[in-house]
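Novice: Got a structure for you, questions after.
The values are calculated or read from the model by the stated rules, or taken from the named source; none is laboratory data. Everything numeric in this text was worked out from a predicted model, so none of it was measured. Neighbour counts are summed over all protein chains in view; Cβ atoms, including those assigned to glycine, are modelled from backbone coordinates with ideal geometry. Heads up: the accessible areas ignore ligands, DNA and RNA and are worked out on the full protein's heavy atoms, side chains in. Shrake-Rupley method; radii C 1.70, N 1.55, O 1.52, S 1.80 Å.
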Amino acid sequence: MGRPTALITGATSGLGAEFAQQLARSQHNLVLVARNVSRLEAKAVRLRTDFGVEVEIMPADLLTDDGVASVAARLADRARPVRVLVNNAGFGLVKAFEHNTAEEETDHLRLLVRTPMQLMHAALEPMLERGQGRIINVASVAGFIPRGSYGAAKAWGISFSRFANLRYRGRGVNVTAVCPGFVHTEFHQRMGANMGRIPKWMWLNPDQVVREGLADSAAGKSVSIPSRRYAVLIALSRLVPDNLAAAAGNRGR
Ligand SMILES: NC(=O)c1ccc[n+]([C@@H]2O[C@H](COP(=O)([O-])OP(=O)(O)OC[C@H]3O[C@@H](n4cnc5c(N)ncnc54)[C@H](OP(=O)(O)O)[C@@H]3O)[C@@H](O)[C@H]2O)c1
């Protein structure tokens, strides 16, 4: 039996690059998906050299029909099975819902909800046929509180992962929503957000988020909330009224 293959979207930076690194370290071959070709090539060279695994790159814009179709076709290819799918690509919008255009909100919803749903759909049938697979949907703690269209989109990832894990785990396919708090990546810089108000203790490193997320996925959990401090915060947020939870969440907007 050869090495299993993991396909990761948004693998050029932040959490996606860390998933690639940790999965390569545990001897997975990789398919790396993102838009930036030179960054994909550089990551692939590094991972092949450091871990001796095979790395394919798939440049694709997951906001386009062609981009999603090419990745879905790779996931559906029975001759080259994918054991682990990590739906990770994403971005945030710095302005409030009413100040964004409908097109901006539509793209945001598409990358965070429609694309992962389509890729899960493509991956699931071959995984169920083999009775083996893992799907990780990178959601957010924002999905547990009222926090704009970002929180609502991530709530879909959590809810759908909980359903899918219940439905498919018994057939060999684990589905896990990994829900980080604030993580040091390019995410906030890309969205142009000033994060100066966020206290130091609220920041996590990608290494910890991915390590705990992969462990929870391997254990068959539907939801992973990396770090004890965020697990406690989310448990508490369920006890307070919506307006208090929303006020706390809005500090990071
Ligand atoms: N950082 C946080 O505090 C935090 C907290 C909770 C959840 N998350 C979630 O974690 C996930 C990863 O974000 P990150 O923090 O690692 O941010 P990041 O460093 O900005 O990485 C985002 C990745 O997504 C890719 N991407 C963006 N748009 C794409 C598109 N249209 N098609 C294909 N790939 C695209 C980017 O690559 P290219 O530019 O090369 O395409 C990049 O590899 C996101 O789903 C985010 O919502 C982040």
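Novice: DSSP loop (so not H, G, I, E, B), at most 15 other Cβ within 10 Å: list which trypsin sites (Lys or Arg not before Pro) in the range 204-245 pass both filters.
Specialist: R238
Novice: Starting from the 7 Å offset along Cα-to-Cβ, what nm value, one decimal, do you get for the label separation of E103 and A42?
Specialist: 3.0 nm
Novice: Compute the distance from the alpha-carbon center of the range 108-139 to that of the range 204-226, in whole Å.
Specialist: Going from one Cα centre to the other spans 17 Å.
Novice: Per 0.36 nm of contour for each residue apart, how much would the distance between L128 and A96 grow if the chain were fully extended, relative to their Cα-Cα spacing? Display every interim value, and only then the final one.
Specialist: Details: separation 32, 0.36 × 32 = 11.52 nm, distance 4.02 nm.
Length gained, L128 through A96: 7.5 nm.
Novice: May I pose another question? Would you kindly derive the ³J(HN,Hα) couplings of the range 120-135 from the backbone phi angles with the Karplus curve 6.51 cos²θ - 1.76 cosθ + 1.60 (θ = phi - 60°), listing them in order in whole Hz, with x for Gly and Pro?
Specialist: Each residue's phi maps through the Karplus curve to give 4, 4, 5, 7, 5, 4, x, 5, 5, 4, 7, x, 7, x, 9, 10 Hz.
Novice: From the phi of every residue in the range 229-234, what ³J(HN,Hα) in whole Hz does the Karplus formula 6.51 cos²θ - 1.76 cosθ + 1.60 yield, where θ is phi - 60° and glycine or proline is x?
Specialist: Along the range 229-234, the couplings run 5, 6, 4, 5, 4, 6 Hz.
Novice: Moving to a separate point now. Considering only the other residues whose Cβ falls under 12 Å of the Cβ of T9, what net charge follows from Lys and Arg at +1 and Asp and Glu at -1?
Specialist: For residues surrounding T9, the net value is +1.
Novice: Let me ask another. At a Cα cut-off below 18 Å, give the lysines reachable from K95, other chains included and same-chain residues fewer than 8 away excluded.
Specialist: Reachable lysines: K154.
Novice: Mind giving me the nanometre distance, one decimal, between the label points for W203 and S159, set 7 Å out from Cα along Cα→Cβ?
Specialist: Modelled inter-label distance: 3.4 nm.
Novice: So, one more: Quick one: 3J(HN,Hα) in Hz for the range 81-91, Karplus 6.51/-1.76/1.60 with θ = phi - 60°, rounded, Gly and Pro as x.
Specialist: x, 9, 8, 10, 10, 10, 7, 10, 3, x, 8
Novice: Given a 10 angstrom Cα cut-off, can you work out which residue in V178, V37, V138 is the most mobile in a GNM of the chain?
Specialist: Judging by the Gaussian network model, the answer is V37.
Novice: So who's got an amide H within less than 5 Å of the one on V183, skipping anything under 5 residues away but keeping other chains? H placed 1.01 Å off N, in plane.
Specialist: When sequence neighbours closer than 5 places are left aside, the close amide H contacts are L204.
Novice: I would also like to ask the following. For the chain, with a Gaussian network of springs between Cα atoms less than 10 Å apart, report the residue from N88, N36, N243 with the top mean-square fluctuation.
Specialist: Of N88, N36, N243, the most mobile in the Gaussian network model is N243.
Novice: Starting with the highest mean, order 23-30, 74-81 by the number of other Cβ atoms within 10 Å, averaged over the residues of each peptide.
Specialist: Per-residue mean Cβ counts within 10 Å order the peptides as 23-30, 74-81.
Novice: Would you look at the GNM of the chain, springs on alpha carbons closer than 10 Å, and say which of K154, K200, K43 moves the most?
Specialist: K200
Novice: With n ≥ 4 as the cut-off for DSSP H runs, can you work out [θ] at 222 nm for the chain, using -39500 (n - 2.57) per run divided by the number of residues, rounded to the nearest 500?
Specialist: Result for the chain, helices only: -15000 deg cm²/dmol.
Novice: In whole Å, how far is the Cα centre of the range 187-202 from that of the range 156-182?
Specialist: 27 Å
Novice: Tell me which residues come under 5 Å, amide H to amide H, from E56 once H is placed; ignore anything under 5 positions away on its chain.
Specialist: Counting only residues 5 or more places away or on other chains, the set is L30, V31, L32.
Novice: Another one. With a probe of 1.4 Å, find how much accessible area the chain has per residue, and write the answer as a whole number in Å².
Specialist: For the chain, the solvent-accessible area averages 48 Å² per residue.
Novice: Additional query: Quick check on packing: order 110-119, 11-20 by the mean number of other C-beta atoms within 10 Å, highest mean leading. Can you show the working numbers first?
Specialist: Details: 110-119: 21.3, 11-20: 25.0.
Put in order of decreasing packing, that is 11-20, 110-119.
Novice: For the range 5-250, what is the charge dipole size about the Cα centre, in debye to the nearest 20, if Lys and Arg each add +1 at the Cβ and Asp and Glu each add -1 at the Cβ? Walk me through the numbers on the way to the answer.
Specialist: Working: 29 positive and 21 negative charges, 168 e Å.
It works out to roughly 800 debye.
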